[in-house]
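I have placed the structure first, in the form of structure tokens, so that the comments after it can refer back to it.
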Amino acid sequence: MNGLHPAVIDKYTIYELLTRECARLESISSTKIKISGGAEYSEIILSKKIKLNIFRIFQECVSNAIKHGGAKTIEVFLSIDKYLVLMDIQDDGCGYQLSTHNKLTKSSGLGFISLHERVALLNGQIDFESSTDKGFNVRLVLPLDY
């Protein structure tokens, strides 16, 4: 689902899109990805813009966990209500020393910059928590008052 055609965005809920992407990523890596929450909120209609950005943020975080963190397991928790979307992504990879890259520069990687830009467009917040050998955690909060 790398291309994520607009028709696909309309056809599935965000939970279904993420679940399908988890299955795809598991099939091409040795990483186990578990997603929970979110299914019960499928009646809440998210705009294409919100769904696409959540999907891309998810892809970036999970791809980084696999490629750079060497994660063997990734847990994703998705919660949606009429006010906000919350997504937590936790992995058991090698972690990252965030204090060495507090400023968003090219040395911190374009991935971090792109994540912050996507979240800023949606008036949301993204936080990272990690240290070497402790895995990496991402928390995304997006308001739905757009």
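The values are calculated or read from the model by the stated rules, or taken from the named source; none is laboratory data. Source: prediction; values computed, not measured. Every residue, glycine among them, receives a Cβ derived from its backbone with ideal geometry; neighbour counts consider all protein chains shown.
Scanning the stretch 61-76 for residues that are in contact with a Lys or Arg (Cβ under 9 Å, 6 or more places away or on another chain) and closer than 15 Å to VAL141 by Cα yields a single hit, VAL76.
Go through ILE74, ILE66, ILE35 for me and flag whichever is buried (at least 16 other Cβ atoms within 10 Å of the Cβ) and assigned to a helix (DSSP H, G or I).
Details: ILE74 fails: assigned to a helix (DSSP H, G or I); ILE35 fails: assigned to a helix (DSSP H, G or I).
None of the others qualify; the one that does is ILE66.
Close Cβ contacts (under 6 Å, 6 or more residues apart or on different chains) running from residues in the stretch 90-106 that are under 16 Å from ALA71 (Cβ atoms) to residues that are at pLDDT 70 or above and polar (S, T, N, Q) comprise GLN90/ASN137; ASP92/THR73; GLY95/SER130; GLY95/SER131; GLY95/THR132; TYR96/SER130. Every condition in (1) modelled with pLDDT of 95 or more; (2) in contact with a Lys or Arg (Cβ under 7 Å, 6 or more places away or on another chain) holds for PHE58 except the one numbered (2). When the stretch 130-146 is filtered for residues that are under 14 Å from the mean Cα position of the chain (by Cα) and not β-branched (Val, Ile, Thr), the ones remaining, listed by number, are PHE136, ASN137, ARG139, LEU140, LEU142.
Kindly check whether there is at least one residue in the stretch 28-41 that is among the polar types (S, T, N, Q), modelled with pLDDT of 95 or more and in contact with a helix residue (DSSP H, G or I) (Cβ under 7 Å, 6 or more places away or on another chain). Yes. Scanning the stretch 51-101 for residues that are under 13 Å from the mean Cα position of the chain (by Cα) and of a type in the set (Ser, Thr, Tyr) yields SER63, SER79.
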